[in-house]
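Below you'll find the structure, written out as structure tokens, and then a few comments.
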Protein chains: 2
Amino acid sequence: MRAGSPRLLREINDRAAIDALLRNGPLTRSELENLIGLSKPATAQLLTRLELDDVVRRDGLRGGGRGPRAQLWAVNGALAHVAAIDLTPDSVDIAIADISGTTLTEHHAPMPRGGDVLTAFTEAVGKALAEAHLNLSDLHHVVVGSPGAVDPATGQLGFAPHLPGWEGFDLPGRLTELLGTTVTVENDVNLVAVEEMIAGRARDVRDFVLIWPVDATGAAVVINRVLLRGATGGAGEIDWMRVPDLAEQDTGAGRQGDRYGELLSSVAVTRLAKAHGISARNALGAVTRALASGAAGREFLADLARRIASGVAGVVSVVDPELVLLSGEVAQAGGSVLCELVASELRRLVIPRTPVELALVGGQAVRAGALHSALAVVREQVFGLPTEDMLPPATRSSS
Amino acid sequence: MRAGSPRLLREINDRAAIDALLRNGPLTRSELENLIGLSKPATAQLLTRLELDDVVRRDGLRGGGRGPRAQLWAVNGALAHVAAIDLTPDSVDIAIADISGTTLTEHHAPMPRGGDVLTAFTEAVGKALAEAHLNLSDLHHVVVGSPGAVDPATGQLGFAPHLPGWEGFDLPGRLTELLGTTVTVENDVNLVAVEEMIAGRARDVRDFVLIWPVDATGAAVVINRVLLRGATGGAGEIDWMRVPDLAEQDTGAGRQGDRYGELLSSVAVTRLAKAHGISARNALGAVTRALASGAAGREFLADLARRIASGVAGVVSVVDPELVLLSGEVAQAGGSVLCELVASELRRLVIPRTPVELALVGGQAVRAGALHSALAVVREQVFGLPTEDMLPPATRSSS
DNA sequence: AAATCGTCTGGAAAGTTAACAGACAGGAGT
DNA sequence: ACTCCTGTCTGTTAACTTTCCAGACGATTT
């Protein structure tokens, strides 16, 4: 802990003002006064100083009340730009935004299966930038949301079997080289959790866990409103956790249990459905069909809930969160029925009465989370704002 | 985020100075200057002001070098006092310290089995205070380390079967009434983790997990150097986690697995030892004997390590810590042999190569951890120091 | 003689309170 | 209906307070 001279006060107050402007949109000077607690002359001087530095700009006038129209002030978005990218096996979904958070362009592009994905990726970014009339050099940070996890030690993407062509090298490093800006790669489930924290069910929750069951089973762990990544980027990778099969229908798991992700793979879930007399092509179909059928469907869902709950129980025993969110295609399909079943099974397994809810955000949750993450990075770089929330892992240089 | 006037600077600088004095013992003014970065006159004025407020006091002179002897300054310990108490089924171990951290008294007293424990507790605290020539009113905060966990909603002690007489009421609330000071009750394993973080193996580790296997199986989870307690105080209560029995010797666990604490209960471990041809009265004996015997002992220890590792794997899958520490009587008895076995079994279960080490602190780790926790509380109360580390759970009022 | 301690003086940086000129809406008076 | 006054709000300027800094100076010890 270090002391400071009056200069420190400037920094603190500037940051407070920028923070308030970013959070609450354009403000008049007197509104800003109330938010940050400075006096009228100090706030006015602060604004003119920041305007000279191109940090804030005038943004219209506000009339309506008595007295003269008040000048509105906003953060100058053109100071820096970011890209947020949702990377899936088949496509990239890109958003370009400025530092104030307004999205300038959205761009969607298919990715070649097995082809030169890196080139396709770079070209897609280039197109998106062109649409926004920007160059690569205007980009200050890029966050890519993808399945799997990047090992902070090597930069290699792991846990991502569906993304061939992206594995085996220092991914953030290579992308940083290609784009000429710092690039971080973040697990997609983690980004969904970030978005739930900002605009979803977890807005007022300090500690929660977001579970993405079935298929690429994973979890995001948020503690103190900070994403937990873990020493090797593997926090929440419960896919590999060995759990007992708690389903009543025995589909052949041994005494030594099974990988959680194995029990919840699409194949295993389909097999479980079949044992209950429900045949479907994949897990999503099984769940949808089960909801439509009667008692047998109900029994299958209960068994599925038991399997899901076994892993959730492990997470709850370790972190005892305020809330468990279920997300992902299958969980959404299962709806509140499946959610309730998981909740009641969970109550049989652990002592805390942790509520289980369905995640809220849909659509482009990954990209939205990546955008907020990228904004957090540039806002820390440019303004020194301590946005510890949702920061992506330490930016790797391509050394 | 709010802005501040020059007055804020005072606060920041005062706190920085107090923090530096607390951490680095008595300092001369020029040493303090270098630590906090203030100029000579400002530091001198700061010290005389704090001296007038009785916050710091002169503490001897430092000679030896050239020039006049420099005045040494220290935080005035008499400002506030704390008690740290290690509560076990049979006894209480009390330490009284002042806010500067110097221990004034240590007091040990037996607790009546089944008798009026609260009265015995209060009397023991009174005696300890008398030895330090203090009254109850001099005590600003008390931290009690005990088995089990306090539910933050009700204040009731749970998970603590060995502590009859302490359950069924708002424990911190009652103790607060009895002592007339705020009292917090903290899980003992958590306090050991705090101590490992300050003086043990976890000094430079941000995220780690301390596992206390066998008997009252529990874990402490530290994330970002902050103890994780969980929404209901149940974080780390892996005793209740359902895991498959990974031991090669089948002692009868079903397909649906077992409670982790059940697999590692003294009885179960003794039974496992017997299956390997090692007979002993309890788990501790089994482990000690196994270390002395040959191949069979080795096999038993490997099976025990498999059981231990199954739970550790769950924790590692969820939080992916930098380090796993093994603590507790049995783990200590198992020594590096058991530790190595757990480490290698763990590597077969999870992807991260998390190192497993034996915990370092012994002796009065719980009390020491409680002391640091209590100091953190009063230092925040009195000086406003933001010691987010190791703070005990929100202090409950007895309303 | 050299270095160091403690104190003193003048000044720079940041913010606060108070006062004032101008702008605008709304109501009172004609 | 029109004018004019009043109250409120904006933005600026001036005087003062708080806090810290740089440098100088005498005193003290090796």
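Given the criterion of a type outside the set (A, V, I, L, M) and part of a loop (DSSP other than H, G, I, E, B), identify the matching residue among B:G285, B:G230, B:G311, B:G297. Explain how you work it out, then say what you get.
Working: B:G285 fails: part of a loop (DSSP other than H, G, I, E, B); B:G311 fails: part of a loop (DSSP other than H, G, I, E, B); B:G297 fails: part of a loop (DSSP other than H, G, I, E, B).
One residue alone meets the criteria, B:G230.
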Need at least 1 residues that are more than 13 Å from chain A (Cβ to nearest Cβ) per element, so show me which helices (runs of 4 or more DSSP H) inside segment B:1-72 make the cut, counting only ones lying wholly within it. B:29-36, B:40-52
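Here is a yes/no grid of residues against (1) modelled with pLDDT under 90; (2) out of contact with any helix residue (DSSP H, G or I) (no Cβ under 7 Å at 6 or more places or on another chain); (3) not charged (D, E, K, R):
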| residue | (1), (2), (3) |
| --- | --- |
| B:G145 | no, no, yes |
| B:A149 | yes, yes, yes |
| B:W166 | no, no, yes |
| B:D170 | no, yes, no |
| B:G173 | no, yes, yes |
| B:T184 | no, no, yes |
| B:N187 | no, yes, yes |
| B:L191 | no, no, yes |
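With A:G236, A:G261, A:G277 as the choices, which residue is surrounded by fewer than 24 Cβ atoms within 10 Å (Cβ to Cβ), in a loop (DSSP other than H, G, I, E, B) and either away from chain B (no Cβ under 13 Å) or not acidic (D, E) (or both)?
Values: A:G236 fails: surrounded by fewer than 24 Cβ atoms within 10 Å (Cβ to Cβ); A:G261 fails: in a loop (DSSP other than H, G, I, E, B).
Criteria check complete, one pass: A:G277.
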Restricting attention to segment B:359-390, the residues that are without any contact (Cβ under 8 Å) to a residue 60 or more places away in the chain, more than 14 Å from chain A (Cβ to nearest Cβ) and crowded, with 16+ Cβ neighbours inside 10 Å number exactly 1
Report every pair of residues separated by at least 6 positions or lying on different chains whose Cβ atoms are under 9 Å apart, first residue within segment B:334-358 and more than 10 Å from every other protein chain (Cβ to nearest Cβ), second among the polar types (S, T, N, Q) and open to solvent by less than 20 Å² (accessible area, probe 1.4 Å). B:A343/B:T354; B:E345/B:S310; B:L346/B:T354; B:R347/B:T354; B:L358/B:S327
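Of the residues that sit in segment B:1-43 and are small (G, A, S) and near DNA strand C (Cβ under 10 Å from one of its atoms), which one is surrounded by the most Cβ atoms within 10 Å (Cβ to Cβ)? Break it down stepwise before answering.
Of the residues in segment B:1-43, the ones small (G, A, S) are B:3-5, B:16-17, B:20, B:25, B:30, B:37, B:39, B:42.
Next cut, near DNA strand C (Cβ under 10 Å from one of its atoms) only: B:3-5, B:30, B:39, B:42.
Details: B:A3: 24, B:G4: 18, B:S5: 13, B:S30: 12, B:S39: 11, B:A42: 16.
This residue is B:A3.
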Please name all residue pairs, on different chains or six or more residues apart, with Cβ atoms under 7 Å, provided the first residue is in segment A:120-134 and is under 12 Å from A:H81 (Cα atoms) and the second residue is at pLDDT 95 or above and hydroxyl-bearing (S, T, Y). A:A132/A:T105
Every listed condition ((1) within 14 Å of chain B (Cβ to nearest Cβ); (2) in a strand (DSSP E or B)) holds for A:T184 save (1)
Cβ-Cβ distance below 7 Å, separation of 6 or more or different chains: which pairs start in segment B:29-54 with a residue that is within 15 Å of B:I18 (Cβ to Cβ) and end on one that is within 12 Å of DNA strand D (Cβ to nearest atom) and among the acidic types (D, E)? B:T43/B:E33; B:L46/B:D14; B:L50/B:D14
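Suppose the filter is at pLDDT below 95 and loosely packed, with under 13 Cβ neighbours inside 10 Å; does A:P161 pass it?
Details: at pLDDT below 95: yes; loosely packed, with under 13 Cβ neighbours inside 10 Å: yes.
It is true that A:P161 is at pLDDT below 95 and loosely packed, with under 13 Cβ neighbours inside 10 Å.
If the requirement is being aliphatic (A, V, I, L, M) and open to solvent by 10 Å² or more (accessible area, probe 1.4 Å), which of these qualifies: B:A268, B:A220, B:A247?
Working: B:A220 fails: open to solvent by 10 Å² or more (accessible area, probe 1.4 Å); B:A247 fails: open to solvent by 10 Å² or more (accessible area, probe 1.4 Å).
Unique residue meeting the criteria: B:A268.
With at pLDDT 90 or above and under 18 Å from B:E237 (Cβ atoms) as the only criterion, which of B:G261, B:G277, B:G285 stands out?
Values: B:G277 fails: under 18 Å from B:E237 (Cβ atoms); B:G285 fails: under 18 Å from B:E237 (Cβ atoms).
Only one candidate qualifies: B:G261.
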Please list, ordered by first then second residue, the pairs with beta carbon atoms under 9 Å, 6 or more apart or interchain, first in segment B:300-322 and facing chain A (nearest Cβ under 8 Å), second open to solvent by less than 10 Å² (accessible area, probe 1.4 Å) and among the aromatic types (F, W, Y). B:S310/B:Y260; B:G314/B:Y260; B:S317/A:Y260; B:P321/B:F208; B:E322/B:F208
Could you tell me which numbered condition B:L360 fails, if it satisfies all but one of (1) assigned to a helix (DSSP H, G or I); (2) more than 26 Å from B:D14 (Cα to Cα)? (1)
Exactly one of these conditions fails for B:G328: (1) under 25 Å from the mean Cα position of the chain (by Cα); (2) open to solvent by 10 Å² or more (accessible area, probe 1.4 Å). Give me its number. (2)
Give all pairs with beta carbons closer than 6 Å in which a residue from segment A:168-180 that is open to solvent by 30 Å² or more (accessible area, probe 1.4 Å) meets a residue that is assigned to a helix (DSSP H, G or I); count only pairs at least 6 apart in sequence or on separate chains. A:L178/A:T122; A:G180/A:L136
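The values are calculated or read from the model by the stated rules, or taken from the named source; none is laboratory data. All of these numbers come straight from a predicted model, not from anything done at the bench. No Cβ is skipped: glycine too gets one built from the backbone with ideal geometry, and neighbour counts run over all protein chains shown. Please note that ligands, DNA and RNA were not included when accessible areas were found on the heavy atoms of the full protein model with its side chains. Shrake-Rupley method; radii C 1.70, N 1.55, O 1.52, S 1.80 Å.
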